[in-house]
Amino acid sequence: MIHSLFIINVSGDVFMEKHWKSVISRSVCDYFFEEQKKISSPVDMPPVVATPHHYLITIFRNNLYFVATTTTEVAPLFVLEFLHRVVDIFEDYFGECNETIIKEHYVIIYELLDEMLDNGFPLATESNILKELIKPPNILRTIANTVTGKTNVSCTLPSGQLSNIPWRRSGVKYANNEAYFDVIEEVDAIIDKNGSTVFAEIQGYIDCCIKLSGMPDLTMTFVNPRSLDDLSLHPCIRFKRWENEKVLSFIPPDGNFRLISYHISSQSIVAIPIYLKHYISFREGKLDITVGPKQTMGRQVEEVSLEIPMPKSVANCNLTASQGRYTFDPVSKVFHWDVGKIDITKLPNIKGSISLGAGAGPVEANPTVTVHFVINQMAVSGLKVSRLDMYGEKYRPFKGVKYITKAGKYQFRL
Amino acid sequence: MTDAKYFTTTKKGEIFELKSELNSDKKEKKREAVKKVIASMTVGKDVSALFPDVVNCMQTDNLELKKLVYLYLMNYAKSQPDMAIMAVNTFVKDCEDPNPLIRALAVRTMGCIRVDKITEYLCEPLRKCLKDEDPYVRKTAAVCVAKLYDINAQLVEDQGFLEQLKDLLSDSNPMVVANAVAALSEINDSSPSGVPLVEMNAPTINKLLTALNECTEWGQIFILDSLSNYNPKDEREAQSICERITPRLAHANAAVVLSAVKVLMKYMEMINDTEFVTVLTRKLAPPLVTLLSSEPEVQYVALRNINLIVQKRPDILKHEMKVFFVKYNDPIYVKLEKLDIMIRLASQANIAQVLSELKEYATEVDVDFVRKAVRAIGRCAIKVEQSAERCVATLLDLIQTKVNYVVQEAIVVIKDIFRKYPNKYESIISTLCENLDTLDEPEARASMIWIIGEYAERIDNADELLESFLEGFADENSQVQLQLLTAIVKLFLKRPADTQELVQQVLSLATQDSDNPDLRDRGYIYWRLLSTDPAAAKEVVLAEKPLISEETDLLEPTLLDELICHIASLASVYHKPPSAFVEGRAGLRKALPARGEGGVASSSVETTSAHPSVIPSHDTLIGDLLSMDLNPVVQTAAQPASGFGGGHVDLLGGGLDALLDVGGGGGMSQAAPPPGGGGLLGDIFGLGGGDQSGATVMPKVLWLPAVKGKGLEISGTFSRRNGQIYMDMTFTNRAMQTMSGFAVQFNKNSFGLLPAQPLQVPAPLTPNQSCEASLPLNTTGPVQKMDPLNNLQVAVKNNVDVLYYACLVPMHVYFVEDGQMDKRVFLQTWKDIPTQNEVQYTLTNMSHSSDSVVQKMQQNNVFTIAKRNVEGQDMLYQSLKLTNGVWVLVEIKIPPGGSVYTLSIKSVTVDVAAGVYQAYENILRS
C-alpha cells in the first residue's frame, strides 16, 4: 500500500511530504533524482522506479512530480490512479494545482491527504464527501471563521460516506434545477506525408454539470448507441440496464463529473476534420503550409493552431502568415502558429524561409506537426443524445446538451 | 489570508516562539501555533522538541485542532515514546465519544502510533470499534488491525483480532467488507508463512462478489485481487465468477479494469468451453485498448501487462495493432513499450503497415528510440519470413542515410538476418563494407567482422579489411577481439594461400599479448587445431551453425504463467516473480489453475506438457556451456580444481565418454533377458565367475541354525538378476523327520520387499537332505523403516512350526538398472543437495584401478557419470537409483597406487548412505 507521498518540483525541491505509515526519510528521493538526471525531458520520468528498499511510483502533472513510495508488492495502477485523483481533488478545491497553491494551502492539503488515505488504504476520495469533511477555502468563509472562531473542518460524518450511493450527498437543494451535458470528442490521428491516415481514433467523454435537488434518477438514451461498444462508466451508472437496453440510468453525483468515457477504435472509420498541404525542405530552406477543413459537416473550425518541434540545426524562421501570429523559439526550437478560425474562402497559409545554423550538419529527422482545433456543435462520431428523463423528483429541470469535437493527439508527419 | 504566512519566521528562535504560542491561553493563538508546527513538519523540519506542548493542546472540543495534533503525533510519537503515553487517556476517551467521526479518528490515529506501550492500550478500544454500530467506525477499525499486525503480529493473533476481522467479511456494509479484505490481504502478504489466513470457499467468494458491486472503486480492487488468489473448484464455478466480474471491465478506474483482467485471464485457463472463451476474449480487447488513452503513466503499466497478455493469448489484441503506433510526443518509456508490443503482434497480415511505421520511427530524434526501431525491423525480418526481403531493403535505405547510430544498429541486425536466412541476402555485403569506417561501437564492429569472416570467400579484399581492424587490436573491446580472431581464422581456412601471415599475427596477438583468458584460450585452441589437423579445424570452425530462433525474448512459459497470475502488480511491470524482488516475501508462488474438469488427471497432463518446454531452454544453456567437451581438442592439462564446480567434470571427462558408452551398453545387456551362453556382450561382462550377470553375490550365510529352527537350517543370500531380486536359500533338514508344507512371509520392511511368488521347496524334505530354492522378490509391499535400513524379518513355516529369523539384505540388490543419471542432471542434483546430506567414508586395503572400479560397480548398476584426474588422483562420479526411486550420488577418490579410497555419498535421504557404503565395500571386495 502507499507508504508516503513526496511532491517535487522540476528543479528538484521536495516541498511537501506526507507519511501514512512510519516516516520514510526523504533521502529516498535521491533515487528519483538519479533517474531524473538520465532523462532529457521531464515527461520522460519513468513511472516505476525500484530502489533497494522501496518502490517509487511517480506521476508528472502540472509540472510537478507526485512521488509515492511503497515497500511491498502493490498494484501500481492503483497507486497511479490514486495520485491522479489527488491532483484532481486539489484542482477541484483550489481551482488549480501548482507549487504556490500547495504551499498556500498546506494545512488543508495535509488534512485532505490524511482524509484520503489511512495506512495506505483509500478512505474518502469522492470530492463531495471530502468537501463535507473539509470545506474548500473561500475568502468569505476565511473571514467569517476568523470572526467566529469556526474552522474549515466539519464535525459530522458525511452522509454519503457509507450509503450505497457514496457519490451523492443527501439534502441537496437548488433554486434552479439544471442539468448540462457536454459530449466532447477528441480525435487522435496520425497522418503521413502523403496525406493518408495511418491511424485515427476517437476518445469521447460526456462531462456533466448537474445541479438538481433531492435524489433525481436520470436516464439518458441515444439515437445511435451502437457506436458505443467500448466505454468506461462512472460507478453511478447501472451496468445491467446499459448492457441490456443501451440506456444510461443513474442517480448523478452533485456538481461536475464525467459520466462516461468511450473509445471509438481505429477499426471503425473515423472522419478526419482537417487536412494540411505542406512543403518543407531544410536543404532549400523552404516551408509552405496550408490548412483546410475536410469532414466537418459544414461546421466552422475554430481555435486552430499548429506546433512543430524543428530539428536542432534550425537557427531561425522568416515566414509570412496569411492570418494569425507565429512564433519560433530559438532555444527550444519550437515553431508555433496560432491560426484562429478557418475561412473556407481563403484558406490560411504560412510560407517563407528557414535558416539553418552555421556548420549544422544535414537534418536527420523529419518533424511532426501537432494540430489543435475545436469544432462546436458537432460530435465527429455522430453520437447524439435523443432524450433525458428524470424520475424520483417532481420539479422540471432545465436540460442542455452541447457537442464539441477537439483535436486530441492530432499529428501530421512531414 | 493564506496558509503561506505560517512559514514566515522571526529572527528570535523559531522553536522558542512556537513554544510560548502553544502555551498561550487564547484558543485562536494555540490553533495558529499548531498550524505553524505542522507547516514546518510538512517541509521536513524537525519540530519534535515541541512534543509536550503540542500534546497539551490535544484536549479540545475543536475538531480541526484535534486533527492537527493527531497529525503531529503520528509523525513524532516514535521519537518520544514516553511522552506519547500522555496522549493515551485522550485516545481512550475519544474512542467512547458519541460522534462516530471522533471514535474513528481516535482508533485510526492510535494505530498509526508505532509505540509498543501504546499498542497495549489500543486493544480494548479496537475490540469495541470492530463491533461498533457505525459502519464508518468498523471499516476504520478493520484497517487498524492491519496496522497493529505490522507493529506486533503476535499480539493480534493472541487477542483474536484476526477472527474478528474475518467476521467482518460477512458485514452488511460493502465498504466494511472491502476494507476487511484489504486488511486481510495485507496481513497475508506480510505473514512469514505465506499461508492464507482465510480459506476462500464458495460462501466467502459469494459474499465478496456481492460486495464487489456495491463498494468503492478501491474496494473493488482489493476484492478482485483476493479473488485472483482463489482457485475455483470446477469449470462451472469459474464461468459464473467470470460472468459476474466482466462488468468491471467497463469501470472508469484503470486499476479496477486491470485487476478484473487478471482474474479473467487466470480463470480462463480452467475453462474448456471454447465459445465462452472466445466471447470473453472478445470482451477483453476494448478495455485494454482504452487503457492506452489514459495518462502516460497508466499507459506504461498497461503496456507492460499487455506485453504479458499478448504472449499468453495473442488472439486478444491481434487486430489492434494500430493503437500501438507511436505518437511523437509519447514519453520515451511509452514509446519503447509500444514498439515491443508491435513486434509481438507483427504477422504476415500487418507487416507492411508495421514496417512503414518502423521506418518512420527510425528517422525520429530520440536516439534510444531510433536504435530500438532499427532493431525492431531486424526482428520483423526474422519473425515474418515473407517480410525479410522488404526489411532488408528498408535497412539498406536506412544505411544510406549515413546517420551514424542508425548504420551501426542496422549492421548488427543484418548479421542476425544473415544467420537466419543463409545465402540469400549476401549481395548487400558490398554496401555494408562501404560503411566500415564509421563503425565505432563494439557491437557493430563485431557484427561487421563476423560478416566479413563468414563471407570471406565473397569479399575480394576481406584480408585487407580484417587487417585494417587488426592494427588497433589491443585497443578493441574484447567482444571485437574475439570476433576478429575467429574471423581471421575463418578467412585462413577459406583462403590459406595468402593469409598465413595474417593468421599468425592474430594468433600471437591473442595468445601472447593479451591478458584476457578467454581470448588466450580461444587463440590456443585455434593454434593447436590449425597446427595438428587443419581438416578438423575446418570442421570445427566452419561448422554449420544452428539457426537462430524467431523470438529470442519470449518469457519462459512457466514464468509467463506465474506472471499472468500477477497481472496488475509490480511483478507484472518488472516481468519478474515477486519472490525475486519483494523483500522478505517467502509467500507461496502462484500458478495458473489446471485446465479441465477432471482436476487431478488433467493437471498432471498440464504439468508434464509444461515441463519439456521449460527444461530445454535451461538445458540448451548448460548444453552450450558444456559443448566444449565434444571438442576433441580439449585435452588440456588438468587445472587445479577447487571443489566440485561447474563444468570441470565434463570439460575433462571428454575422453572417458566413449569408454563410458561401451560400459553403458554392457549395463543395458544386463537388463536384457536371459544372458545365457550366447550373448557376446554377456560373455564380455560375465566376468563375475559363475554368476551370469556379473553382479556381485555375497556368499551364503547361515540365517537360521538348526537348533533354533527345530531342525531346519536355512542359509542364503540375495542377488539381483535380470532386474529382479532373488532370495537364494539352501534348506537343510537336520531333524529326524521329513519336512513339508513350506511357506514364507516377510515382515514390513524399509524397501517393501515381498515374495513375488510362493516359496517352492521340493517337498517332502527328508532328513539330512538339502535343497536349493530361489525365491523371486519384488518391492511393492508395505513399507516400514527398519533399523538397520536393510534389515529383513522373515517367517518360514513348515509342517513343524513357524520359524522366525532376521537377515540383512545387501543394499546393492536394490540398485535398479536405470540408475544412470544424465550428466547435466547429475551436476545440478549434486549442487542442489545440501552439503549436510553428504557423508564421507573410507575404503581401506583396496587394490583396484579406477577402471576396474568403474566396471565392477557398473555390473551392480552403479553408473559412472564422469571421471577426472585431479593432481594424480582419479575421481569417479557415480549415480545409482534405489528401487524406491531414491537417487544416490557418489564421488570416489582413488589415489594413484594407494589403497585408501575416499567415498562421498550424497542423497536427499541421507539414511541410505551407510547401506550404500556397505554395498561398495562388498562389491569391491568380492
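Summary of values
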{"read-out": "The range A:4-125: relative contact order as a whole-number percent, Cα under 8 Å and 6+ apart", "value": "22 percent"}
{"read-out": "Top positive-direction residue, dipole computed over chain A with Cβ charges, set A:234, A:214, A:49", "value": "A:214"}
{"read-out": "Nearest-ten-degree value, helix A:76-94 long axis tilted from longest Cα axis of chain A", "value": "80 degrees"}
{"read-out": "Relative contact order of chain B, pairs being alpha-carbon contacts under 8 Å that are 6 or more residues apart, as %", "value": "6 percent"}
{"read-out": "Translational diffusion of the range A:274-376, µm² s⁻¹ [Kirkwood Rh, Cα pairs; Stokes-Einstein; 25 °C; 0.890 mPa s]", "value": "172 µm²/s"}
{"read-out": "Electrostatic dipole magnitude of the range A:4-125 [Cβ: Lys, Arg +1; Asp, Glu -1; Cα centre; debye, to 20]", "value": "340 debye"}
{"read-out": "Computed magnitude of the charge dipole of the protein assembly as shown (debye, nearest 20; Cβ of K, R +1, Cβ of D, E -1)", "value": "3120 debye"}
{"read-out": "Inter-label distance, nm, simple model (7 Å from Cα along the C-beta direction), residue A:39/residue A:269", "value": "4.1 nm"}
{"read-out": "Virtual paramagnetic centre 7 Å along Cα→Cβ of residue A:414, amide N under 17 Å, in the range A:291-308", "value": "A:291-292, A:305-308"}
{"read-out": "Spatially close lysines, pair count over the range A:274-376: Cα under 21 Å, gap of eight or more or interchain", "value": "14"}
{"read-out": "Per-pair calculated FRET efficiency, R0 = 25 Å: residue B:849 and residue B:818 via Cβ, rounded to 0.05", "value": "0.40"}
{"read-out": "For chain B, fraction of C-alpha pairs farther apart than 49 Å, in %", "value": "52 percent"}
{"read-out": "Amide hydrogen neighbours beyond the local backbone of residue B:566, cut-off 5 Å, H modeled", "value": "none"}
{"read-out": "Modelled FRET efficiency - R0 56 Å, residue A:346 with residue B:96, Cβ distances, 0.05 increments", "value": "0.10"}
{"read-out": "16 Å reach of a label modelled at residue A:338, 7 Å along Cα-to-Cβ, counting backbone N of the range A:371-396", "value": "A:372-374"}
{"read-out": "Pairwise label distance in nanometres, residue A:288 with residue A:196, each label 7 Å out on the Cα-Cβ vector", "value": "2.5 nm"}
{"read-out": "Rounded to 10°, Cα long-axis angle of helix A:106-116 versus longest principal axis of chain A", "value": "70 degrees"}
{"read-out": "C-alpha long axis of helix A:139-148 to longest principal axis of chain A, angle in °", "value": "30 degrees"}
{"read-out": "Charge dipole magnitude, Cβ of K and R +1, D and E -1 - chain B, Cα centre, debye nearest 20", "value": "2420 debye"}
{"read-out": "For the protein assembly as shown, with +1 on Lys and Arg beta carbons and -1 on Asp and Glu, the positive-most of B:473, B:695, A:40 along the dipole", "value": "A:40"}
{"read-out": "Restraint check, B:93/B:131; A:131/A:384; A:131/B:66, Cα-Cα greater than 22 Å", "value": "A:131/A:384"}
{"read-out": "Efficiency of FRET between residue B:393 and residue B:831 - r from beta-carbon atoms, R0 56 angstrom, step 0.05", "value": "0.65"}
{"read-out": "Selected from B:535, B:227, B:779, residue furthest toward positive end of dipole (the protein assembly as shown; charges at beta carbon)", "value": "B:227"}
{"read-out": "Gain on full stretching of the segment that runs from residue B:426 to residue B:116 - 0.36 nm per residue minus C-alpha separation", "value": "104.1 nm"}
{"read-out": "Spacing of the two label points (7 Å from each Cα toward its C-beta) at residue B:504 and residue A:355, in nm", "value": "6.4 nm"}
{"read-out": "Cut-off 18 Å, label 7 Å out along Cα→Cβ of residue B:754, residues of the range B:861-900 by amide N", "value": "B:883-885"}
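We did not get these values from a lab; they are worked out from the coordinates using the rules stated. The structure presented is a predicted model; accordingly, all values stated were derived computationally and were not measured. Backbone-built Cβ (ideal geometry, glycine too); neighbour counts: all protein chains shown.
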